[in-house]
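What follows is a single structure, written as structure tokens, with notes after it.
The values are calculated or read from the model by the stated rules, or taken from the named source; none is laboratory data. Just so it is clear, the structure is predicted and the values come from calculations on it, not from any experiment. Please note: Cβ atoms are built from the backbone with ideal geometry, for glycine as well, and neighbour counts cover all protein chains shown.
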Amino acid sequence: MTPRPLTKINKIDPAELKMLKKRIDIAMALIIFSAALLLTRLWYLQIYRGDEYAKLSEINRIRIQEIAAPRGNILDRNGQPIITNRPRFNVVWSREDAPNPDAVIKDLARILNEDISVLLDRIRAGTENPRYMPTRLKEDIDWETLAAIENKHLSLPGVRIEVMPSRDYLYGDFASHFVGYLGEISPAELAQPRYAKYQSGDQVGKQGVEKIFEEYLKGEKGRNYLEVDVHGFEQRQMQLQDPYPGNDLQLTLDIELQRAAEEAMADKAGAVVVMEVNTGNLLVMCSTPPLHLQEFVGGISSTAWNKLLNNPLNPLLNKTIQGQYPPGSTFKIVTALAAISEGVITPDASFFCGGSLNFGNRRYGCWKKGGHGTVDFQRALIESCDVYFYSVGMRLGVDNIAKYATSLGMGRKSGIEIEHEKAGIIPSSAWKQQRYKQKWQDGETLSVAIGQGYVLTTPLQVCRMTAAVVNGGTLYRPQIVHSITAPDGKILKTFAPTSEGKILGSAHSLALIKEALVGVVNSPGGTAKVVKLPDVLIGGKTGTAQVVGLSHVEGMSEKNIPYKYRDHAWFTSFAPAEKPEIAVTVLVEHGQHGGSAAGPVARAVYKRYFELKSGISGTASEPPPLAKDEKEE
């Protein structure tokens, strides 16, 4: 056997060997660097940010569905429920259960009594959302529709019923402007800090106490924890956290008195305010026509909204605090207080009324064309003689009148916790110079003295003024909430009466005015005899506020004057006269006369108040009719 030849090893070039070793070192460095980089990345992901990614993983695995919380109940001052909650049934569409809606949309449209195109538009609008997020097709369906959908649920894939809490208005449109309504939160609201915890689609208070006390009423949402797969489809329920109800709000309003006012104002446009004279608590806040609160549940339709906007009776306006009207002869209380307190007249001072007063080149008429004859302070208020107060106004001057009116809370906001309150106008010489750059004319003071001209007030301001005059001179801030109570019964907050101090005017002046106001209702010549009740002594003041100049209606009989040109009717009052408890102010838009239009409304409220106080139930007797030849303001 021939031996194998030995392999011949050539001599290695040292330079080549050095290059080879260098390449091996570089490769090893790259391997070590890559391994170190990988290990560093693993450490970063698994250790340094391990908890964070574990949470993200858990979030991807677990879907959290929020459950709306029932809002707190709204109660009257006696604890009687006004607004509670009920279940609201919404129809929703889930794409993850039925990606193709065309097969069932025709049946669903027929059941919901909706146009097919409307439902398709809503489905298309929801395509930008995740597949698992349901699209709401219709809100607040009735029981008949609910039963029809449940009976056909097998043939309506992707359609299910969503149950949410909704407001239940136990007394219909009761105090609608005051309690307010709910609506879906808007993008503008979502941008506000106070709504930082809200999401698109949430319901929030849009007006009244529902809005002002949103923080207390809203409650805390519950959470439903669901396990989902990588595609987002639900696998199982893991945990359910029930929602926590909102807090109950006990108002100062009285259900029975509010209903009495609303029934008396059923065919009228205007406002009624009732205030406790010694606390400022509001027992009635009635604005008519009312809002139909049920229309706002689930979102008001554009048709209904436009109808409200175009209604000439202005149902969207809360007339108790937003309606600004000339106060008419109710303002004579202010002029009288200023005149006696400033000493420009004495209680015995008399002026002759022949039906008008000439001042400069103008004639200022009295409401009683034949005149009142010679009248003193008491008779001037009782019979509401305009000429008397023209004469008093000239002696006072507009700035003195303005000083007392402002002291009584007029011409400024009252501080009530309801949004969009109007301040009204109490003119003065400085006011006119600032607003119109014109000097005050003496003739303008005559109009101001009887509550006309530039003077504008709200019904709440007139009621507050009346309460301050008859309670001894304390001006209270209007109070609307008695207390806030947690679901477990714990009282979170109470609201005590808030005094803004004493008004201008001596105790003697207030006593004289109070005596005269009792005569307005109870004296033979009084302008509010229609309000008189047996066994209860009521005091008050009627008022008729001109809407347009007399030239627009000159020569027309009252029944032929167009509605929009008719005078507003006022009546502000208090009872019982010996020790006043409540003040009642009524404004009837275009009611023409305070005695016949506003007076009976106040009478119905007083009748109910004293029935409740004595524990007697019943209906108010009809007020005595005016005699055929009897005039009224």
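Of note, Gln241 satisfies the criterion of being surrounded by fewer than 24 Cβ atoms within 10 Å (Cβ to Cβ) and over 17 Å from the mean Cα position of the chain (by Cα).
Tell me, yes or no, whether region 396-412 has at least one residue that is in a helix (DSSP H, G or I), over 30 Å from Asp348 (Cβ atoms) and among the charged types (D, E, K, R).
So the first thing to find is which residues in region 396-412 are in a helix (DSSP H, G or I), and the list is 396, 398-407.
Retained after the next criterion (residues that are over 30 Å from Asp348 (Cβ atoms)): none.
Within region 396-412 (the criterion being in a helix (DSSP H, G or I), over 30 Å from Asp348 (Cβ atoms) and among the charged types (D, E, K, R)), the answer is no, since none of the residues qualifies.
In contact (Cβ under 8 Å) with a residue 40 or more places away in the chain, part of a strand (DSSP E or B) and either under 30 Å from Glu256 (Cα atoms) or of a type in the set (Ser, Thr, Tyr) (or both): does that describe Tyr225?
Working: in contact (Cβ under 8 Å) with a residue 40 or more places away in the chain: yes; part of a strand (DSSP E or B): yes; either under 30 Å from Glu256 (Cα atoms) or of a type in the set (Ser, Thr, Tyr) (or both): yes.
Answer is yes for this residue.
Residues in region 578-598 that are within 20 Å of Met465 (Cβ to Cβ) and outside any loop (DSSP other than H, G, I, E, B): Ile582, Ala583, Val584, Thr585, Val586, Leu587, Val588, Gly594, Gly595, Ala598.
Do the conditions hold for Phe296, that is, is it aromatic (Phe, Trp, Tyr) and assigned by TED's automatic domain parsing to the domain that holds Leu396?
Values: aromatic (Phe, Trp, Tyr): yes; assigned by TED's automatic domain parsing to the domain that holds Leu396: no.
Considered against the rule, which asks whether it is aromatic (Phe, Trp, Tyr) and assigned by TED's automatic domain parsing to the domain that holds Leu396, Phe296 comes out as no.
Inside region 181-199, residues that are farther than 20 Å from Leu308 by Cα and touching a residue at least 24 places away in the same chain (Cβ under 8 Å) make up a count of 1. What residue, among those in region 146-180 that are over 32 Å from the mean Cα position of the chain (by Cα) and without any contact (Cβ under 8 Å) to a residue 40 or more places away in the chain, is surrounded by the most Cβ atoms within 10 Å (Cβ to Cβ)? Among those that are over 32 Å from the mean Cα position of the chain (by Cα) and without any contact (Cβ under 8 Å) to a residue 40 or more places away in the chain, it is Ala148. On inspection, Pro562 fails the criterion of being over 34 Å from the mean Cα position of the chain (by Cα) and without any contact (Cβ under 8 Å) to a residue 12 or more places away in the chain. Filter region 414-463 for residues that are farther than 30 Å from Pro497 by Cβ and among the basic types (Lys, Arg); which is farthest from the chain's Cα centre (by Cα)? Filtering first and then ranking leaves Lys439. When region 276-295 is filtered for residues that are surrounded by 20 or more Cβ atoms within 10 Å (Cβ to Cβ), touching a residue at least 60 places away in the same chain (Cβ under 8 Å) and outside any loop (DSSP other than H, G, I, E, B), the ones remaining, listed by number, are Glu276, Asn281, Leu282, Leu283, Val284, Met285, Cys286, Ser287, Leu293.
Scoring Leu257 on the criteria (1) touching a helix residue (DSSP H, G or I) at 6+ places or on another chain (Cβ under 7 Å); (2) under 21 Å from Val547 (Cα atoms) leaves a single failure, condition (2).
Can Lys369 be described as modelled with pLDDT of 95 or more, farther than 22 Å from Glu515 by Cβ and out of contact with any helix residue (DSSP H, G or I) (no Cβ under 6 Å at 6 or more places or on another chain)?
On the way: modelled with pLDDT of 95 or more: no; farther than 22 Å from Glu515 by Cβ: yes; out of contact with any helix residue (DSSP H, G or I) (no Cβ under 6 Å at 6 or more places or on another chain): yes.
Here the answer is no, as Lys369 does not meet what is asked.
Each residue in region 500-536 was checked for being more than 16 Å from Val601 (Cα to Cα), of a type in the set (Val, Ile, Thr) and out of contact with any strand residue (DSSP E or B) (no Cβ under 7 Å at 6 or more places or on another chain), and 1 of them qualify. Taking residues in region 336-364 that are farther than 19 Å from Gln378 by Cα, and partners anywhere that are outside any helix (DSSP H, G or I) and among the hydrophobic types (A, V, I, L, M, F, W, C), the pairs with Cβ atoms closer than 8 Å and at least 6 places apart or on different chains are Ser356/Cys366; Leu357/Cys366; Arg363/Leu357; Tyr364/Leu357. Might you check whether a residue that is part of a helix (DSSP H, G or I) and touching an Asp or Glu at 6+ places or on another chain (Cβ under 8 Å) occurs anywhere in region 363-372? Taking every residue of region 363-372 in turn, none turns out to be part of a helix (DSSP H, G or I) and touching an Asp or Glu at 6+ places or on another chain (Cβ under 8 Å).
Listed here are the residues, each with its yes/no results for (1) of a type in the set (Gly, Ala, Ser); (2) at pLDDT 95 or above; (3) in a loop (DSSP other than H, G, I, E, B).
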{"site": "Gln258", "(1), (2), (3)": "no, yes, no"}
{"site": "Gly299", "(1), (2), (3)": "yes, no, yes"}
{"site": "Asn311", "(1), (2), (3)": "no, no, yes"}
{"site": "Ile321", "(1), (2), (3)": "no, yes, yes"}
{"site": "Asp348", "(1), (2), (3)": "no, no, yes"}
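Among the residues of region 413-466, those that are free of Cβ contacts under 8 Å to residues at least 40 places away in the same chain and assigned to a loop (DSSP other than H, G, I, E, B) comprise Lys413, Ala423, Ile426, Pro427, Ser428, Lys437, Gln438, Lys439, Gln441, Tyr454.
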